[in-house]
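Structure first, then comments.
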Amino acid sequence: MKKSKKEAKKLGKQVENTEQVEATPQAAVLAEVKEDLTAEATFETKKRKLAELGIALLADPESNIKSLKEMLQFCLDGDDVLIKLGLLSLLAVFKDIIPGYRIRLPTEKELEMKVSKEVKKMRFYESTLLSVYKAYLQKLVLLEKKSKFQHVAVRCICTLLEAVPHFNFRESLLAAVVKNIGSQDDVIRKLSCSAIKSIFLNEGKHGGAATVEAVELIADHVKALNCQLHPDSVEVFMSLSFHEDLRKPGEPDKESKVKNKKNRKRKNAEEPSQLQESDRKRSKKELTAKMREEVTADYKSAVFTPDVKEQRKMQSDMLSALFETYFRILKHTMLSTAASSQANGTLVDGESGAHPLLAPCLNGLGKFTHFIDLDYMGDLMNYLKKLAAGGSNSDNSSEKCAKGLTVSERLQCCIVAFKVMRSNLDALNVDLQGFFVQLYNLILEYRPGRDEGEVLAEALKIMLCEDRQHDMQKAAAFVKRLATFSLCFGSAESMAALVTLKQLLQKNVKCRNLLENDAGGGSVSGSIAKFQPYATDPNLSGALASVLWELDLLCKHYQPAISTIASSISTMNTSHNQVYLSSTSPQQVFRDLSLEQESFNSKPDLRKSNNKRKRGTGPSTLATIEENLNSTGSLDEDELRKKLSNHFNLLRDFKENEKLRNELDRTTSALQLYEEYKKQKKKTARRGIKIGEKGV
């Protein structure tokens, strides 16, 4: 009994201890839950308070302008979510209540003057709005440096710049946005570039002043970072628009001329006795003129309609900053490629990491080339010639500096040179033969997966199709080179080359001797009798001594359009595809037959022959592919690749089996001959034995 009582006491103590131990974590958990609930409750109350303040401001901003400071306090909270909500709420409020004019705070003299209650109320409203707006922008700039608030801060800055580009502190907004146009973050870069483009496109909101500031800031940014930016940072210049009427300063009006003549006559007719009266009248006129100037200045600031002189000045500032940026990019490209070629010996074709801004720079020069001053045209053409001469074997070091450029970039240099020449045809006298030589060599250096076919098609259109003056030797060389090019590449590239070839033959009648199949081709008409296919100069290729045998192969092309145009060129038949070719450029043809839109529909007679050939063993692989293409119109690349690989594997097996059969036939025939030889040998041996027996 005593032992049982002692054990019961021990068990009771252990139970009490376990209850005490279990009570302590439950209390901690309850405390944590209470803290979470209170935090959620405070967060909900703060959210509700922020919403109430925003609604009150949107309803009556003049009476509730003090609420802006309270909303700004939410951006200083410790909760990240609440800070983001505060930033976005203030953004919505500022977009709605910011006036359509620029606020000018009153001076000290104006503050000392007695004004009405309405004026005091308006001054208080404007000063409070401006001070809170300034603090809000400073907060955005600080939060932009933190990764967790970066996207929200950049979105707020870009939205404000798009919505209120006329308002105060525009300079700080532009500086923050321009700094991010070359960011590695895609979201930040796209937001910044879209904001800059909206500034360029909507000049009515700010009168064009923000456009000038943005272009100058981008030019300084490119200079500071030594042209090592994302291409989108210079691509935004393509959204700029200039006025042709503002290129030349206008002449004075007739009324102003008449007034000047009258004033001169009055001055000459004035006598010394009338000088005092004239001085008084002049002073009155000067006062009235000053008053009018002040009124017109206030009117212009309110209406945002600058006069012609201001517009001309702003446009000249924009053009100077724009072309300064473009020329800096060209010069940096030449220097960087020259330095890298000296350091590494030779560069691999296609290394364009050192000049990412060259492509948008060339696009911009091609668009705005008619605004370039004629004094800089010679330098620009020299730059373009050196950059385009990347594949030449010249010993000149200046022409070796472009070996790091891609084929597309070098073709773009040729395109820009022709656009510059056409826009300033009367003022420039430049020999473009070097660019034709580069095009002649770059046609064979083109690679579909590496280079842009659209650029090649544009070069063919501008340099060959639209150019009216062609030497016979040069035209024949390009005809032969384009025919060779059509055999090597896809349908889109081949079609663009054949369209260009057709137009060259239509313009140059003597080059149609290349269509003759007699020995020597058109060598009678040419000064060089021997054809040199590896010549780098089209004038020295001797293409008139060759024949366009490539057209015979192209007539059997799987693409019906290419086979049709090839047969039309070979016979120069005007009834086939003549209207289509005359109104179609190589660019349009390339777009129509690009790899994304190509249907791979072959000729119907091939499908019928394949079906007849495989009728005993079931439908062939190519026949099934064509049927699927005709039924669906398109096919997945993976499925097409698998079916074609299976088909060509079967063909390869057939060829291997054919070789084995031939070898088997040879061995069997050799064995048969050997057996016959043995039989003949046995017969001769038997005859010899019989003859010997008779002799004995």
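At a glance:
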| item | result |
| --- | --- |
| Test: residue in the range 146-159 that is of a type in the set (Ser, Thr, Tyr), surrounded by 13 or more Cβ atoms within 10 Å (Cβ to Cβ), assigned to a helix (DSSP H, G or I) and touching an Asp or Glu at 6+ places or on another chain (Cβ under 8 Å) | no |
| Qualifying residue in the range 174-187 (condition: surrounded by fewer than 19 Cβ atoms within 10 Å (Cβ to Cβ) and closer than 27 Å to Gln73 by Cβ) | yes |
| Odd one out for Gly207 among (1) closer than 25 Å to Lys84 by Cβ; (2) crowded, with 17+ Cβ neighbours inside 10 Å | (1) |
| Leading residue by the ranking (farthest from Lys461 (Cα to Cα)) among those in the range 476-492 that are among the aliphatic types (A, V, I, L, M) and out of contact with any Pro (no Cβ under 6 Å at 6 or more places or on another chain) | Leu487 |
| Residue among Ser192, Ser172 that alone is out of contact with any Ser or Thr (no Cβ under 9 Å at 6 or more places or on another chain), assigned to a helix (DSSP H, G or I) and assigned by TED's automatic domain parsing to the domain that holds Ala92 | Ser172 |
| Unmet criterion (only one of (1) surrounded by fewer than 19 Cβ atoms within 10 Å (Cβ to Cβ); (2) over 27 Å from Gly100 (Cβ atoms)) for Ser194 | (2) |
| Gly207 outside the structural domain of His151 (by TED's automatic domain parsing), modelled with pLDDT under 95, of a type outside the set (Val, Ile, Thr) and in a loop (DSSP other than H, G, I, E, B) | no |
| Residues (over 23 Å from Asn539 (Cβ atoms), modelled with pLDDT of 75 or more and in contact with a Gly (Cβ under 8 Å, 6 or more places away or on another chain)) located in the range 379-411 | Leu405, Thr406 |
| Filter result for Lys84 (crowded, with 18+ Cβ neighbours inside 10 Å, under 19 Å from Lys139 (Cβ atoms) and in contact (Cβ under 8 Å) with a residue 60 or more places away in the chain) | yes |
| Any chance Tyr376 is in a helix (DSSP H, G or I), modelled with pLDDT under 85 and of a type in the set (Ser, Thr, Tyr) | yes |
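Yes/no per residue for (1) in contact (Cβ under 8 Å) with a residue 12 or more places away in the chain; (2) not in a loop (DSSP other than H, G, I, E, B):
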position	(1), (2)
Ala92	yes, yes
Ile103	yes, no
Ala135	yes, yes
Gln138	no, yes
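The values are calculated or read from the model by the stated rules, or taken from the named source; none is laboratory data. Bear in mind the structure is a predicted one, so any value in this text is a computation, not a measurement. Glycine also receives a Cβ, built like all others from the backbone with ideal geometry; neighbour counts cover every protein chain displayed.
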